[in-house]
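Peer 1: Here you go, one structure.
Only the coordinates and a few stated rules stand behind these numbers; no lab work does. Predicted, not measured: the structure shown is a model, and the values here were computed from it. Reconstructed Cβ throughout: ideal geometry from the backbone, glycine too, with neighbour counts over all protein chains shown.
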């Protein structure tokens, strides 16, 4: 991939980074290399013509370190795009607080204090951040993610079913907060304990836990039943979404996931596919009546939900239509685009 290029009139500057981390020392290395690379890119962009706004995101809440010198020295405005609650993510990932946790909280406070406008992916994220800052309400804007360019006319590929009646799919990152282990154990219960031989599972995506999840699949004896191709192309993804009968959102219920809007949830809805998910708060806000909700972090309960929907094709069809309609109305990108423009206007208006 090119370090520098222009796409549709937009200049793209990229930097190298260490491999994805799974431990605190690894995160320190990853974040340090990222910050140095981003600072070099920002300096290059400034020399090549300058800019009026720096739009930073998280996790982690460290990019204020790149943006702050430009704000102090040149009056550049900063928009903070809160993709995740980094303190909650840190606590869920490492299952403890301690010194590093409070450093994370300090970084969040510095980021919020630096920003001229704050964008949040949903109301839950906004509520959490607002309670930890003294910023006025008019500083916050909810800009939800929503797929806009997925080609839902892409043809299905029945070969993906591998000769089975049903295809159950997962798309997304495979990290230690994504619950892929619940899905694998649910598949084991369905195939081994309940003897269902009419279902093929397709788990697409990569991440720090991918290798361990493949090992778990093999340990459970699911090599022929659960396909895990890793990261796939856009065309392969669209074919799978078109072909599958049911999508899975297996992010377990916890304080962090409760506040996350999962892209896979919206992508299933874009293809009019029903889904089974653990009943996270924002998951329910996004999916509405297009999902069957599992109210406990349990592989067997997840398996029961999967079978309940697979054995009810009419219900699946209705739920799929509901999800698509919801994505085109309440959750449409057009609604969020207006909020994004308001955020930029707020940030760039002199006060």
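Peer 1: Have a look at the DSSP beta bridges in the chain and tell me what percent are antiparallel, nearest 5.
Peer 2: Around 10 percent antiparallel, to the nearest 5.
Peer 1: Students often check this: by mean Cβ neighbours within 10 Å, which of 282-295, 227-240, 260-273, 320-333 ranks highest, and how do the rest follow?
Peer 2: 260-273, 282-295, 320-333, 227-240
Peer 1: Convert 4 °C to kelvin, take the viscosity as 1.567 mPa s, use the Kirkwood radius over C-alpha pairs of the range 158-328 as Rh, and evaluate the Stokes-Einstein diffusion coefficient in µm²/s, rounded to a whole number.
Peer 2: Value of D from the Cα-based Kirkwood radius: 83 µm²/s.
Peer 1: Between the range 279-351 and the range 17-93, what is the separation of their alpha carbon centroids in Å?
Peer 2: Each part's Cα centre sits 29 Å from the other's.
Peer 1: To continue, here is another question. Translational diffusion coefficient, Stokes-Einstein: compute it for the range 205-249 using the Kirkwood radius over C-alpha pairs as Rh, at 37 °C and 0.692 mPa s, and state it as an integer in µm² s⁻¹. Walk me through the intermediate numbers first.
Peer 2: Working: Rh = 11.9 Å.
Rounded, D is 277 µm²/s.
Peer 1: With the contact rule set at Cα under 8 Å and sequence spacing of 6 or more, what percent relative contact order holds for the range 158-328?
Peer 2: Across the range 158-328, relative contact order equals 24 percent.
Peer 1: For the chain, take the longest principal axis of its alpha carbons; what is the angle in degrees between that and the long axis of helix 313-328, to the nearest 10 within 0 to 90?
Peer 2: For 313-328 against the chain, the angle is about 10 degrees.
Peer 1: What is the helix-to-structure angle for 64-74, meaning the angle in degrees between its Cα long axis and the longest Cα principal axis of the chain, kept from 0 to 90 and rounded to the nearest 10?
Peer 2: 30
Peer 1: Which entry in [x] 23.9; [y] 21.0; [z] 21.8 is this structure's computed Kirkwood radius over Cα pairs in Å?
Peer 2: [z]
Peer 1: So for each of 340-346, 5-11, 109-115 I average, over its residues, the number of other beta carbons within 10 Å; can you give me the resulting order with the highest mean first?
Peer 2: Values: 340-346: 16.4, 5-11: 8.0, 109-115: 18.9.
Ranked from most to least packed, the peptides come out as 109-115, 340-346, 5-11.
Peer 1: So what is the calculated 222 nm ellipticity per residue for the chain, using -39500 (n - 2.57) for each DSSP H run with n of 4 or more, over all residues, to the nearest 500 deg cm²/dmol?
Peer 2: Computed mean residue ellipticity for the chain: -14000 deg cm²/dmol.
Peer 1: Using Cα pairs under 8 angstrom and six or more residues apart, how large is the relative contact order of the chain, in percent?
Peer 2: 16
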